[in-house]
Each structure stands twice: as structure tokens, then as C-alpha cells.
1. Hey, if we sort Lys76, Lys131 by accessible area with the 1.4 Å probe, largest down, what's the order?
2. What list of ³J(HN,Hα) values in whole Hz, one per residue of segment 101-114 in order, does the Karplus curve 6.51 cos²θ - 1.76 cosθ + 1.60 (θ = phi - 60°) give from phi, with Gly and Pro shown as x?
3. Within segment 51-133, how many lysine pairs that are 8 or more places apart, or on different chains, have C-alpha atoms less than 18 Å apart?
4. Arrange the residues Glu85, Glu95 by how much accessible surface each exposes, largest first, with a 1.4 angstrom probe.
5. Under a plain spin-label model, where a point goes 7 Å from the Cα along Cα-to-Cβ, how far apart in nm are Glu112 and Lys67?
6. Once you place label points 7 Å from the Cα toward the Cβ at Glu51 and Lys132, how far apart are they in nm?
7. With a probe of 1.4 Å, find how much accessible area segment 51-133 has per residue, and write the answer as a whole number in Å².
Amino acid sequence: MISRILTKRALFAAVAKPQVRSFTNFTRLAAVRTPLFSLPVRRFSQEQISENEIVELVEGKIFEVLKSAAKCDHSKLARTATFEELGFDSLDGVELVLAMEEHFGFDLTNEEAEKITTVMDAIQIFHGNVKKRLEIQEEQ
């Protein structure tokens, strides 16, 4: 059986930039492309994506979602920032999590979504979910 290891090239091709649409005062990312984890990936290499590369990819996607929000204070954008420090209220925080879920192509549990109040929370929770999904995909 052919080894099913996700290559860097296939991962980055699968998460190409989606189109952006806006509503009210928040810009939301439309999941126009097929979600990352539903793509059949042809593998030509035994090169596995490293843990650091997964973290960088997740962090980049989360920052992309945050930067696309109209209310975001870009001067305060950092890993340690809370959503309140960035100018978001609780409803905006919920919309941000929904936009991140759309962007990554999977839903979080309610418990996980409620825990996200800072940028680092979002990075950790989405990283854990991406890692689980990649491991499941490699096993198949």
C-alpha cells in the first residue's frame, strides 16, 4: 500500500487563500475552497510536515482572520493579545471563532470554542485539532 504522508506542498496548496466577503462591521472569510481535510492528496514524497510548520501555518491563518476584521487594532495584534485588547466584544469573539472554523474547514466543540478568548488560545486549540486531523488522515 502506498504510504500516505502529507507533504508540505500538498498542505499549503490545500489551504490557499479563500475569497473574502464582508457583512456588518466584520469581514468574514468564505470557505470557497474545499476544506483541507477532505482533499484526496497524492503523495510523492516521504517528507512529513514538522510540528513547527503546523504551528506556523495555524498561526498565519488565525492572524489572517484577525487582520481581516474591520474592528481589529493592528498595532496591538500579537500572540499574547486578548480579543478585548484588539477591540472585539463578546459577539465579535464568537464571529471570529466562526470565521476561523470556516477558514480551517472544520467545527470546534462548544467547550473548545468557549475557551477561545485570546490569540494564543485560538492558536493552541486550532493547532490541536489540525494535528489530530492530520494524524487521522495519515492513518487512512
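1. Accessible-area ranking of Lys76, Lys131, largest first: Lys76, Lys131.
2. After applying 6.51 cos²θ - 1.76 cosθ + 1.60, I find 4, 4, 5, 7, x, 8, 9, 8, 6, 4, 4, 5, 5, 5 Hz.
3. The number of close lysine pairs in segment 51-133 is 5.
4. Ranked list, largest accessible area first: Glu85, Glu95.
5. 2.5 nm
6. Each label point lies 7 Å from its Cα, and together they span 1.8 nm.
7. Details: 4110 Å² over 83 residues.
That works out to 50 Å² for each residue.
The values are calculated or read from the model by the stated rules, or taken from the named source; none is laboratory data. Just so you know, these numbers come straight off a predicted model, no measurement behind them. Here the Cβ is made from the backbone with ideal geometry for all residues, glycine too, and neighbour counts use every protein chain on show. Ligands, DNA and RNA are stripped out before the accessible areas are found, and what is left, the full protein with its side chains, is counted by its heavy atoms. Shrake-Rupley method; radii C 1.70, N 1.55, O 1.52, S 1.80 Å.
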